[in-house]
Amino acid sequence: MSFVERFNELDWHDVSMSINAKTARDVERALSKTKRDLEDFKALISPAAEAYLEQMAQQSLALTRKRFGNTMSLYIPLYLSNLCANACTYCGFSMENRIKRRTLSEQEIDAEIRAIKQMKFDSVLLVTGEHETKVGMNYFRKVLPQIKQHFNYLAMEVQPLEEEDYAELKTLGLDAVMVYQETYHPSTYAEHHLRGNKMNFEFRLETPDRLARAGIDKIGIGALIGLEDWRTDCFYAAAHLDYLEKAYWKTRYSISFPRLRPCAGALQPKSVMTDKQLVQLICAYRLFNPEVELSLSTRESPEFRDNVLPLGITSMSAASKTQPGGYANDDVELEQFEISDERSAESVEAMIRARGFDPVWRDWHSVYSG
Ligand code: SF4
């Protein structure tokens with residue numbers, strides 16, 4: 001059993017029609033409930049809910065504070081390699097882009113760790129392109145123990161692996177894995193993933209199942225907003241979350257909502273999501289699921305991040321560099337995408353405090369569980 005069976009029961013067109021057919025009454029009903037289902041979620045992301053944003057924001061803020069207090073987790077991505085054997089139309093690391101390629105050696109990783117530790121971070125997200133042979137299990141076996149010594153919480157965003165690989169990486173200190181489906185629309189997925197293993201839609205779709213079975217503490221899912229109709233894609237992400245929570249209740253989950261950003265060989269989004277709609281989506285996820293962690297990256301602008309912070313977000317990246325070696329030695333030629341919030345970790349920390357929140361430099365759960 002995996003999410004694929006549940007996925008096959010859903011029809012993209014029907015879901016899309018049903019979201020757009022939701023009325024003010026459906027939204028009001030969803031807002032009046034204490035426990036909401038996927039039909040309520042559809043109402044909350046529908047065009048009809050745009051008029052209820054203020055109420056949604058108030059409820060979302062209250063639910064988030066009740067569950068997560070005033071804690072805001074901070075993490076930083078550590079790009080280990082920009083080698084990639086896939087061709088994704090929206091990514092600067094795509095194998096077809098003529099950029100300098102680089103995989104960090106152990107010495108270079110040490111330099112990155114030193115630079116990151118100076119900024120206080122104790123939670124790091126390891127990112128690589130997807131290159132099975134050069135940046136695969138052998139590389140991870142070597143570098144994970146090296147990095148884990150220095151950080152309380154270790155997450156990864158790399159190519160989907162087999163269940164036994166995840167189980168092994170867990171023994172080396174891996175705590176969390178982010179694996180975004182990009183889009184849940186199979187033919188649009190095929191249009192954007194032109195070469196390499198990532199063309200396998202189903203293998204990616206089943207990755208959270210393999211992760212949960214391997215006992216990974218936290219799994220991050222989501223869609224890359226802009227590839228397809230954002231409402232429908234985000235509904236599928238919510239359905240995925242709903243399935244996972246029921247099937248693997250011991251695992252924790254987080255959702256991200258990255259919007260397409262400019263990169264080398266830039267792609268124009270098919271579905272444009274406004275700032276207001278992103279606020280609506282964040283609140284809808286929170287109202288649908290009071291437990292799920294919601295993560296906001298530096299793809300978003302400082303103003304947007306500052307304003308949306310209290311409404312549902314539980315973790316944020318800060319001071320990110322999206323090129324391997326970027327903390328010890330900035331080389332913009334290697335970037336995966338341009339970041340929008342370029343503030344230092346210190347100034348993001350100050351902003352969080354100024355808004356009455358407690359920034360923590362590790363995963364919020366590990367703050368309480370020791
Ligand atoms: S999105 Fe990932 S798999 Fe696709 S080109 Fe970029 S790094 Fe490679």
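The values are calculated or read from the model by the stated rules, or taken from the named source; none is laboratory data. These numbers come from a predicted model, not from an experiment. Here Cβ is always computed from backbone atoms with ideal geometry, including for glycine, and neighbour counts include all displayed protein chains.
Tabulated values for the structure
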item	result
Selection from the range 189-204 of residues that are within 15 Å of the ligand (Cβ to nearest atom) and closer than 22 Å to residue 242 by Cβ	189, 201, 203, 204
The range 62-83 residues that are at positive phi, paired with ones that are of a type outside the set (S, T, N, Q) and modelled with pLDDT under 95 (beta carbon under 9 Å, 6 or more apart)	69/364
Residue that is surrounded by the fewest Cβ atoms within 10 Å (Cβ to Cβ), among those in the range 136-147 that are closer than 22 Å to residue 322 by Cβ and either in contact with a Cys (Cβ under 6 Å, 6 or more places away or on another chain) or not β-branched (Val, Ile, Thr) (or both)	146
Lone qualifier among 287, 278 - being of a type outside the set (Gly, Ala, Ser), in contact with a strand residue (DSSP E or B) (Cβ under 8 Å, 6 or more places away or on another chain) and modelled with pLDDT of 95 or more	278
Residues within the range 81-92 that are in contact with a Ser or Thr (Cβ under 9 Å, 6 or more places away or on another chain), crowded, with 18+ Cβ neighbours inside 10 Å and in a loop (DSSP other than H, G, I, E, B), tallied	5
Residues that are among the β-branched types (Val, Ile, Thr) and over 22 Å from residue 253 (Cβ atoms), drawn from the range 174-205	188
Residue ID - modelled with the highest pLDDT, chosen from residues in the range 339-350 that are of a type in the set (S, T, N, Q) and outside any helix (DSSP H, G or I)	344
Sole residue being among the acidic types (Asp, Glu), crowded, with 16+ Cβ neighbours inside 10 Å and within 16 Å of the ligand (Cβ to nearest atom), chosen from 182, 168	182
Set 90, 153: member being within 13 Å of the ligand (Cβ to nearest atom) and either within 22 Å of the chain's Cα centre (by Cα) or on the phi > 0 side of the Ramachandran plot (or both)	90
Residue that is modelled with the lowest pLDDT, among those in the range 313-328 that are under 25 Å from residue 285 (Cβ atoms) and assigned to a loop (DSSP other than H, G, I, E, B)	322
Selection from the range 111-140 of residues that are away from the ligand (no atom under 16 Å from the Cβ) and acidic (Asp, Glu)	112, 122
Criterion violated by residue 159 - all others in (1) of a type outside the set (Ser, Thr, Tyr); (2) at pLDDT below 95; (3) within 25 Å of residue 7 (Cα to Cα) satisfied	(2)
Some residue of the range 176-188 being free of Cβ contacts under 8 Å to residues at least 40 places away in the same chain, out of contact with any strand residue (DSSP E or B) (no Cβ under 7 Å at 6 or more places or on another chain) and within 21 Å of residue 121 (Cβ to Cβ)	no
Tabulated pairs, the range 84-100, first among the charged types (D, E, K, R), second more than 8 Å from the ligand (Cβ to nearest atom) and outside any loop (DSSP other than H, G, I, E, B), C-beta under 7 angstrom, 6+ apart or interchain	100/333; 100/334
Residues of the range 83-122 that turn out to be farther than 29 Å from residue 197 by Cβ and hydroxyl-bearing (Ser, Thr, Tyr), as a count	0
Selection within the range 189-211 - among the acidic types (Asp, Glu) and either without any contact (Cβ under 8 Å) to a residue 12 or more places away in the chain or closer than 11 Å to residue 227 by Cβ (or both)	191
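The rows are residues; the columns are (1) among the aromatic types (Phe, Trp, Tyr); (2) surrounded by fewer than 20 Cβ atoms within 10 Å (Cβ to Cβ); (3) free of Cβ contacts under 8 Å to residues at least 12 places away in the same chain.
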position: 3; (1), (2), (3): yes, no, no
position: 6; (1), (2), (3): no, yes, no
position: 12; (1), (2), (3): yes, yes, no
position: 17; (1), (2), (3): no, yes, yes
position: 24; (1), (2), (3): no, yes, no
position: 30; (1), (2), (3): no, no, no
position: 36; (1), (2), (3): no, yes, no
position: 47; (1), (2), (3): no, yes, no
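Condition check ((1) part of a helix (DSSP H, G or I); (2) at pLDDT 95 or above; (3) closer than 30 Å to residue 249 by Cα; (4) not β-branched (Val, Ile, Thr)) across all residues:
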| position | (1), (2), (3), (4) |
| --- | --- |
| 262 | no, no, no, yes |
| 268 | no, no, no, yes |
| 295 | no, yes, yes, yes |
| 306 | yes, yes, no, yes |
| 330 | no, no, no, yes |
| 337 | no, no, no, yes |
| 352 | yes, yes, no, no |
| 362 | no, no, yes, yes |
| 368 | yes, no, yes, yes |
